[in-house]
Every structure is written in C-alpha cells, then in structure tokens.
Amino acid sequence: MTNITTDFHMHSTFSPDGDDSPAVLCQAALAQGLTAIAITEHAEWQPDAGFTGLPETEVYFAEMARCRAKFAARGLQVYTGVELGNPHQFYDEATWLVESYPFDVVIASLHWLNGHNIHMPECFADRDPYEVYTEYFIQLARLASDFHFDILAHFDRIIWRGTLLGIGFDPHRIEWVVRHALATVAEHGRVLELNTRSVNDPDNWNEAMVTMFRWFREAGGNRVVINSDAHRRGEVGRNRAIAQQMLAQAGFTYPANYFQLNPAIQLDMAA
C-alpha cells in the first residue's frame, strides 16, 4: 500500500520516445488513483539527440490546457513540465526555453557523458566502469550547481546501463564523489527523484539507492519525489509502494519530505 498520489515525470507523444497522448496519460493516472501529475516532455540540444529543444512547444501547451480543463473536474490536477537534458552544458538554450514558457515543473537529467548517450553501451567501452561512474557523479554535481531547476531525475541511470552490461555498483567504492554530488544537490535546494522504472527488477540496485538517499539526507537534503518516468500508459504511477518503502528506510517521511507544487500554481491551474 502507498499514499503517494502524484507523478511529476512522464512523457507523451510530444516527446520523441512517448507512445501515448497527454489525454491518455491523464486517464491512466485517474485509473491509478493519482490526484496530480506533470507531463514533462524531453528537451535536448546534444547534436546526436535527433531533435533540438522541445518540438511543438506551442501545440503542447494548447493540448495541456485542454487536459487541465477536462480532468480538473474529475479530481486530477494536470501540470506542464519539461525534462532538460544536460542543461548545464547548453545553458543559453535551456535558459531561453524555461524563461520563454510557463512550465510548472522543470526537471534536469544527465543523458550524455563525454559525448556518449548513457543509455547506450558505448559509454562504458574500453573503460574502467568505476571511472565512468565517477565522471558521471562529477557531472551530476556540476548540473546541480550550474543550472536552476526543480527536480534531478533518475540520478541512478548510469547504474541501470551498467547493470545491463553485467557491471555491479557499490557506492562505497566511490563514496567521496557520490556524497559530493548529493551534497551539492542538497546545498542548491534541488529535489532528488526516486525513479520507479527499475525498483522491481530482479537485478535491481535498491540497496545502493537506499544508501545514497541516506547520504543525501545526511548532507541536508530534505526533499524527495517518487516519479514513474512513464513513456506509455501502463507505466504511469508504477511501483510507488516499493519506492516509498525505500525512502522510508533512508529516513524520509511522507508528506513532510515529499515534493509538492507551489499552492499558488495549483490555484492558477484550477482557475
């Protein structure tokens, strides 16, 4: 059982890798008993990303306005959002986007490392895996310090790729750099996301995640969020109970430590 009724990270067909429309995702959220969601589309500027910025931004906001109007009466608050890929390395472009449009939720992610997509095995090719992990967490610290955003998404994504390659991850082996990254996230007031994509996988790294969230709390981090990172309807709100148990083990309590949107935004959205 879980009392988490929000999901502030998901992607619709306005993202290149999303399968379902915003309205379909909203319907799926209602079916999961959610009360508030943000549909946070991808914005990328890396030359190899295949697209630039956030495609069809104006059309996206028009569709989100329709979804807000349709689903508010049914008990679902629908918020706009964007997931910025490596915004600290594309500062001017990312800043222009978030200052030009009224996004309710701004997520930042590290999708690229040394020019390689971290979702691809090439990022580990001919490298000591712990050197790759170290470089990744160094970049996470730079991201948290060099660009203003709300939520740091799936900070464990490099571990996911390593696990697929049969590479384990022990945070204690590079404790200094992981703690530094998490302390930087805490120092700058960013919210740390527990992404639920892999928490029920047989080869999960949940124990490492609990350790790292505990380090985040020890560094002064006091705000967390559980998000699905759904790219299709069946993934909305997934694995919330597992994730909430993990955060409880790390010392975070609901709702005191959980990210909530500004009440003023909620009033504006309901108007």
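No value in this document is a laboratory result; all are computed from the given coordinates. The structure presented is a predicted model; accordingly, all values stated were derived computationally and were not measured. Heads up, the Cβs are rebuilt from the backbone with ideal geometry, glycines too, and the neighbour counts pull from every protein chain shown.
Taken about its Cα centre, the stretch 169-271 carries a charge dipole of about 180 debye when Lys and Arg each add +1 at the Cβ and Asp and Glu each add -1 at the Cβ.
Placing R0 at 25 angstrom, the Cβ-Cβ distance between His188 and Tyr130 gives a FRET efficiency of 0.45 after rounding to 0.05.
Taking label positions 7 Å along the Cα-Cβ direction at both Trp176 and Thr35, the computed distance is 4.6 nm, reported to one decimal.
Which value, in debye to the nearest 20, gives the size of the charge dipole of the stretch 6-266 about its Cα centre, when Lys and Arg are +1 and Asp and Glu are -1 at the Cβ? Mind dumping the intermediate values first?
Values: 19 positive and 33 negative charges, 211 e Å.
My answer is approximately 1020 debye.
Over the residues of the chain, the helix contribution to mean residue ellipticity at 222 nm works out to -12000 deg cm²/dmol, using -39500 (n - 2.57) for each DSSP H run of at least 4.
Among Met1, Met120, Met212, Met246, sorting on how many other beta-carbon atoms sit within 10 Å of each Cβ, with the fewest leading, yields Met1, Met120, Met246, Met212. Packing, as the average of other Cβ atoms within 10 Å across residues, places the peptides 4-10, 22-28, 54-60 in the order 4-10, 22-28, 54-60, highest first. Each of Leu261, Leu140 was scored by other Cβ atoms within 10 Å of its Cβ. Listed from fewest to most, they are Leu261, Leu140. Entry note, the stretch 1-143: relative contact order of 20 percent, from Cα contacts under 8 Å with a spacing of 6+ residues. When the chain is treated as a GNM with alpha-carbon contacts under 10 Å, the residue of Ile151, Ile39, Ile118 showing the greatest mean-square fluctuation is Ile118. GNM remark for the chain: springs join alpha carbons under 10 Å apart, and the peak mean-square fluctuation among Ala73, Ala43, Ala153 falls on Ala73. Computed over the chain with a Gaussian network model linking Cα atoms closer than 10 Å, the most mobile of Asn114, Asn239, Asn227 is Asn114. Contact order for the stretch 6-266, expressed relative to its length and based on alpha carbon pairs under 8 Å spaced 6+ residues apart, stands at 20 percent. Start at zero, step by 5 Å, and the Cα-Cα distances of the stretch 172-271 spread as 2, 12, 20, 21, 20, 13, 7, 3, 1, 0, 0 percent across the bins. May I ask for the distance between the Cα centers of the stretch 138-181 and the stretch 53-92, given as a whole number of Å? First find each Cα centre; the distance between them is then 26 Å.
Inter-label distance, Glu99 to Arg74: 3.8 nm, where each label sits 7 Å from its Cα along the C-beta direction.
If you plug the beta carbon distance of Met1 and Asp92 into 1/(1 + (r/R0)^6) with R0 = 41 Å, you get a FRET efficiency near 0.35.
Before anything else, pin down the relative contact order of the stretch 104-165: Cα pairs under 8 Å, at least 6 apart, normalised by residue count, whole percent.
That works out to 51 percent.
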